[in-house]
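Down below is the structure, laid out as structure tokens.
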Amino acid sequence: MKGYGKILRVNLSTGEIKREDVDENIARKFLGGLGFAAYYLYKEVPKGADPLGEENKIFIAPGLLTPYGIPTASKTSMTSKSPLTGAFARSVVGAPMGVELKKAGYEMLIIEGKSDKPVVLRIDDDKVSIEPADDFWGKTTREAQKLLKEKYGKVSTAVIGPAGENLSRIAGVDFEERQAARTGIGAVWGSKKLKGIVVKGTQKPEPADKSKLLKLIAKWAKIIKDHPATKDDMNYGSGEFLRWMNLERGTFPTRNWQWGYFQSFYDKAKENELLGIDPYYWVPKFRSGRNPCPNCTKPCSQVFKLTKYRPGEEIDGPEYETLYSLGGELEIDDPEGVAYLNLLCDEYGMDTISAGVTIGWAMEAYERGLLTKEDTDGLDLRFGNVEAAAETLRKMAYREGNLGKLLADGSKAASERLGKGSEKFAIHVKGLELPAYDVRGIKGMALAIAVSYRGACHLTGGVYGTELVGRWWKFDGIDRLSAENKGFEVKVHEDLMQVYDAVGLCKFSRHMYFLEGIPELVEAVTGMKLSNAELITIGERIYNVARAFNVREGFSRKDDTLPWRIMHEPIPKGKSAGSYVKPKELEHMLDEYYQARGWSEDGIPTKVKLVSLDLEDIAEEIGAGH
């Protein structure tokens, strides 16, 4: 088959290294990228495996289209069993390593077993070795990557920081200023004593039809260049719509979701005054350049140069989710303060969303008197305190002191440890902290957050844009404040987003490629002719495999829920004031969604549905019904 390399399997316990051919039947069913990483996770990590134990594995799969220069085809998927949620873990990153893996001849990297000592996995085309990492262990991500490049030369690197080494369940992996951060896979690396991976690939993958592919690359480069959204994305990054979310929609969560817009700033702001963390304010003042993902022709990267905290240092970001989690969530409107906290998270190797939302929970607990100065190791942990947040991040990464030990594993674990009713304002689903969309005023997004197989995730379904604007692709007339007719909407969005992760296209270009632009790219690369219907069925198949993994681990309808605050406390002020997701509304949306998916009333994929997706073995294992 054209377009496919080998599967590289590395066992850190035995040192064994194997190469396997890609099964053509699996390729046709799952395409690549997330599809491969999901299927192999289900098949190879047994039920009940300890996420930090030897049985868990790491699957790293570049998207099918990543090595060819296709505009915005940069994404690599990484899966494992999550130490944060106990469920399906997925992190997607737009990083050079995916391209290098494909150029080295590998379709997917599987890391299994567990080393006794810190190691680095080195991949240099067909030369693969497991090498000592004692000199790198204990270093921050930036320090480790600098040392690795000094030792190995021109390579692509991915490393964990102190958070991963100390098994923080919100630890991620740093891919040279790009992070695969969510669901705690960095702790899985740490448990295996895997400090990093270095890759160099020199082979040039051959597509099935090079001439056709070159024409398609030129075609899509022009479409993306001329699209009206490209200019704003390039000029201001993913946070470009922050002010609109605040004032026009009232769905920008702040102060640990006590507010639906940044109330403390806008109540004192002059008319039309820009918010401190609004990119329209800070980008002209602090941007020093751009750092695009591979193949990106519409880079949203905004490299921020610090002048107050760590003067002269630069950080790629902060992007929209981080402007929320380390900004509005903590009631910090100083863009330098947010960028500094972003830098610390990246250096420690922590998910900015989970870290920020966890600190937001702690700040509310502190202001309520549920956490004392002894609990916070003397820190004045009030909203808006940049220095206290920075020190808290350090303590979390190193599990240091009472506060670090309390918060290192995210808000669910912290609220369970503290008790005292703090569970009611812990903002997570299945243990994963919520992203930057106040779903009390976005009902379809609330459903998508509740049912997402990895916990609270905005990109598993990517439905927020459709809900907030009211239309997209095949959808129109969407009412974000209504709980009606959300099941089919969410289901179709989810299936399409799985396709994007399988082929490796950036979801910020989903309003350009849609579904219809993908089959011709797949054909040019692999020779496979897939209709739109076949392609979105592949997405549905991938989604059902991920759900089946969770079902096997004991997840069901009871886990497809929302934080207490979202279902009981209306948004107090702003455009969405009074809106929240009533428990009955959620139950109604779940009924609609399971029906659209062809699952049982308890959220279990039925045997009939799984067999129709050519997943007979999974149907026998977990399928509901006869």
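The values are calculated or read from the model by the stated rules, or taken from the named source; none is laboratory data. Note that this is a predicted model, so its numbers are computed, not measured. Every residue, glycine as well, gets a Cβ built from its backbone with ideal geometry; the counts of neighbours run over all protein chains shown. Note: accessible area is taken over every heavy atom of the protein model, side chains too, but ligands, DNA and RNA are not part of it. Shrake-Rupley method; radii C 1.70, N 1.55, O 1.52, S 1.80 Å.
A few points about this structure:
- Residues that are open to solvent by 10 Å² or more (accessible area, probe 1.4 Å) and touching a Ser or Thr at 6+ places or on another chain (Cβ under 9 Å), drawn from segment 331-341: Glu331, Asp333, Glu336
- Taking each residue of segment 512-523 that is touching a residue at least 60 places away in the same chain (Cβ under 8 Å) and looking for partners that are in a loop (DSSP other than H, G, I, E, B) and of a type in the set (Asp, Glu) with beta-carbon atoms closer than 8 Å, six or more apart or interchain, yields Glu523/Asp209.
- Number of positions in segment 265-297 that are modelled with pLDDT under 90, open to solvent by less than 70 Å² (accessible area, probe 1.4 Å) and closer than 19 Å to Leu330 by Cβ: 4
- Counting only helices (runs of 4 or more DSSP H) that sit wholly inside segment 162-237, those with at least 1 residues that are at negative phi, of a type in the set (Asp, Glu) and open to solvent by 10 Å² or more (accessible area, probe 1.4 Å) are 162-165, 210-226, 228-236.
- Some residue of segment 129-142 being open to solvent by 20 Å² or more (accessible area, probe 1.4 Å), in a helix (DSSP H, G or I) and modelled with pLDDT of 95 or more: yes
- Some residue of segment 298-313 being within 18 Å of Asp334 (Cβ to Cβ), acidic (Asp, Glu), out of contact with any strand residue (DSSP E or B) (no Cβ under 7 Å at 6 or more places or on another chain) and surrounded by 22 or more Cβ atoms within 10 Å (Cβ to Cβ): no
- Scope segment 583-620; condition open to solvent by 70 Å² or more (accessible area, probe 1.4 Å), in contact (Cβ under 8 Å) with a residue 40 or more places away in the chain and either more than 16 Å from Glu540 (Cβ to Cβ) or assigned to a strand (DSSP E or B) (or both); matching residues: Asp591, Glu601, Asp602
- Check on Gly328, surrounded by 24 or more Cβ atoms within 10 Å (Cβ to Cβ), modelled with pLDDT under 95 and closer than 19 Å to Pro435 by Cβ: no
- Just one of the listed residues (Gly3, Gly69, Gly35, Gly48) is in contact (Cβ under 8 Å) with a residue 60 or more places away in the chain, more than 18 Å from the chain's Cα centre (by Cα) and buried (at least 24 other Cβ atoms within 10 Å of the Cβ), namely Gly3.
- Filter pass, Glu16 being among the acidic types (Asp, Glu), open to solvent by 10 Å² or more (accessible area, probe 1.4 Å) and touching a residue at least 60 places away in the same chain (Cβ under 8 Å): no
- The residue of segment 82-104 that is surrounded by the most Cβ atoms within 10 Å (Cβ to Cβ), among those that are under 13 Å from the mean Cα position of the chain (by Cα) and not aromatic (Phe, Trp, Tyr), is Ala89.
- Residue match in segment 449-461 (condition: of a type in the set (D, E, K, R) and farther than 27 Å from Phe59 by Cα): no
To keep it simple, each residue is scored yes or no on (1) surrounded by fewer than 24 Cβ atoms within 10 Å (Cβ to Cβ); (2) of a type in the set (S, T, N, Q); (3) under 21 Å from Ala89 (Cβ atoms).
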| position | (1), (2), (3) |
| --- | --- |
| Leu432 | no, no, yes |
| Gly441 | no, no, no |
| Gly444 | no, no, no |
| Ala448 | no, no, yes |
| Leu459 | yes, no, yes |
| Val469 | yes, no, no |
| Lys474 | yes, no, no |
| Glu484 | yes, no, no |
| Gln498 | no, yes, yes |
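- Some residue of segment 552-559 being more than 28 Å from Tyr320 (Cα to Cα) and open to solvent by less than 30 Å² (accessible area, probe 1.4 Å): yes
- Hey, Lys420 more than 15 Å from the chain's Cα centre (by Cα), surrounded by fewer than 24 Cβ atoms within 10 Å (Cβ to Cβ), in contact (Cβ under 8 Å) with a residue 24 or more places away in the chain and not in a helix (DSSP H, G or I) or not: yes
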